[in-house]
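Visitor: Just dropping this structure here.
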Amino acid sequence: MVFVVVRNPWGSSEWTGPWSDGSKEWNGEWLDALKELGHVFGNDGQFVMEYSDFLDVWETVERTQLFDASWAMAAQWLRLSPRPNVYPWTYGDVFFKFTLVEPSPTIIVLSELDKRYFEKISGTSAWRLDFVVYKRGDSELRGESYSGIPFTRSISCELNLEEGEYIVFPRLDREDTAPQGYFEEKANFWDGRTLARVLTERTKARSIAANYRPECNTLFVEKDLSDLLAEDTERLEIKESSRSALPVADDAQDPNPAGSPVESLFQRYMHLNQISLEDEDEISPVLGLRVYAKKEASVVVDGWVDGEDSDEDEKENEDETEE
């Protein structure tokens, strides 16, 4: 007989069928097999299954790779351009490249940004990812992703690659999970304090993208105290300088009369769609490529979104300007 020892990482439940802890199958000489299996009875999330039962019960097995100090990781994250509601499932919207200076076993992982903390305001779509890998200048397919679970957040492939530059072409398929206007429709259910914190966490998470534009999200960016102290000193000096130059008014006036540009946040952003300072119905996921290789391969990762200048484009433009 062939057995499999399984551990539930959550530790909250176990297999209760044949060969489970304390089941009738464990008698006589079979109890001696527990030591060989390295298993003891107990509610610890670890259990034994016969191999045939294991194959019948589980549909997907995911392997976890543990990296020791001989490995290094390089990554690049990008926020994609907004997509229309009807869009083809195709390559070409986003590209990644990575370089190896020596041959190395290589693990390539494409991931969507982890949205668990702000899942309720994460957009109208779920994404299915896949990708293919080519060596630059070569039409031979070097590898492609595989995942037995649709719409999972991360997909990967494992390859043995020689030194050189490689291009990764991702492809995204979309499934609608919320209607257009979902953000404002939930207005009556949002707690303002919680929403502000969740928006801050979402902004912080999205800032990992290399093409992130901080000027578009200043309202929900946490401010550094040292920067505030410097700004406060500068602001105070400007205010004192301006105050000394202003003439004294004859009559006291309301510094913020009705209709003036200085209004409360609530007055300025009456709708939730305006509070976030983004079009919440825009479909623009954040993707990241992580490449794991042996340290001596000195892996470097870069990427760009179609329609945006890559580092190579900017370098070429600089060279043309200098000429």
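The values are calculated or read from the model by the stated rules, or taken from the named source; none is laboratory data. As the structure is a prediction and not an experimental result, all values here were calculated from the model. Positions of Cβ are backbone-derived with ideal geometry, glycine not excepted, and every protein chain shown enters the neighbour counts.
Visitor: Go through the range 10-60 and count every residue that is surrounded by 11 or more Cβ atoms within 10 Å (Cβ to Cβ) and of a type in the set (Asp, Glu).
Guide: The qualifying residues number 7.
Visitor: Further, regarding this structure: If you go through the range 159-207, how many residues are touching a helix residue (DSSP H, G or I) at 6+ places or on another chain (Cβ under 9 Å), surrounded by 15 or more Cβ atoms within 10 Å (Cβ to Cβ) and farther than 20 Å from Ser122 by Cβ?
Guide: The qualifying residues number 1.
Visitor: May I ask you to say which residue of Arg63, Arg7 is surrounded by 10 or more Cβ atoms within 10 Å (Cβ to Cβ) and among the charged types (D, E, K, R)?
Guide: On the way: Arg63 fails: surrounded by 10 or more Cβ atoms within 10 Å (Cβ to Cβ).
Residue meeting the stated conditions: Arg7.
Visitor: Just wondering, is there one or more residues in the range 210-217 that are within 30 Å of Phe95 (Cα to Cα), at pLDDT below 70 and among the hydrophobic types (A, V, I, L, M, F, W, C)?
Guide: Residues of the range 210-217 that are within 30 Å of Phe95 (Cα to Cα), as a first pass: 210-217.
Checking the rest, the ones that are also at pLDDT below 70 come to 215-217.
Remaining after also requiring among the hydrophobic types (A, V, I, L, M, F, W, C): 216.
Yes, the range 210-217 contains at least one residue that is within 30 Å of Phe95 (Cα to Cα), at pLDDT below 70 and among the hydrophobic types (A, V, I, L, M, F, W, C).
Visitor: When both residues are 6+ apart or on different chains and their Cβ atoms are under 6 Å apart, which pairs have a first residue that lies in the range 1-21 and is assigned to a loop (DSSP other than H, G, I, E, B), and a second that is hydrophobic (A, V, I, L, M, F, W, C) and surrounded by 10 or more Cβ atoms within 10 Å (Cβ to Cβ)?
Guide: Listed pairs, sorted by first residue: Glu14/Phe47; Trp15/Phe47; Trp15/Met49; Trp19/Val48; Ser20/Phe47; Asp21/Phe41.
Visitor: Being under 27 Å from Thr203 (Cα atoms) and part of a loop (DSSP other than H, G, I, E, B) is the filter here, so list the residues in the range 64-88 that pass it. Explain how you work it out, then say what you get.
Guide: As a first pass, look at the range 64-88 and keep what is under 27 Å from Thr203 (Cα atoms): 73-87.
Answer for the range 64-88, where residues must be under 27 Å from Thr203 (Cα atoms) and part of a loop (DSSP other than H, G, I, E, B): Leu80, Ser81, Pro82, Pro84, Asn85, Val86, Tyr87.
Visitor: With respect to the numbered conditions (1) at pLDDT 90 or above; (2) in contact with a strand residue (DSSP E or B) (Cβ under 9 Å, 6 or more places away or on another chain); (3) surrounded by fewer than 11 Cβ atoms within 10 Å (Cβ to Cβ), which one is the sole condition not fulfilled by Ser139?
Guide: (2)
Visitor: Report the residue count in the range 82-134 for those that are at positive phi and surrounded by fewer than 18 Cβ atoms within 10 Å (Cβ to Cβ).
Guide: We begin by selecting, within the range 82-134, every residue at positive phi; these are 92, 123.
Retained after the next criterion (residues that are surrounded by fewer than 18 Cβ atoms within 10 Å (Cβ to Cβ)): 92.
Residues meeting the conditions: 1.
Visitor: Is there a residue in the range 194-206 that is at pLDDT 85 or above, of a type outside the set (Ser, Thr, Tyr) and assigned to a loop (DSSP other than H, G, I, E, B)?
Guide: No: the range 194-206 contains no residue that is at pLDDT 85 or above, of a type outside the set (Ser, Thr, Tyr) and assigned to a loop (DSSP other than H, G, I, E, B).
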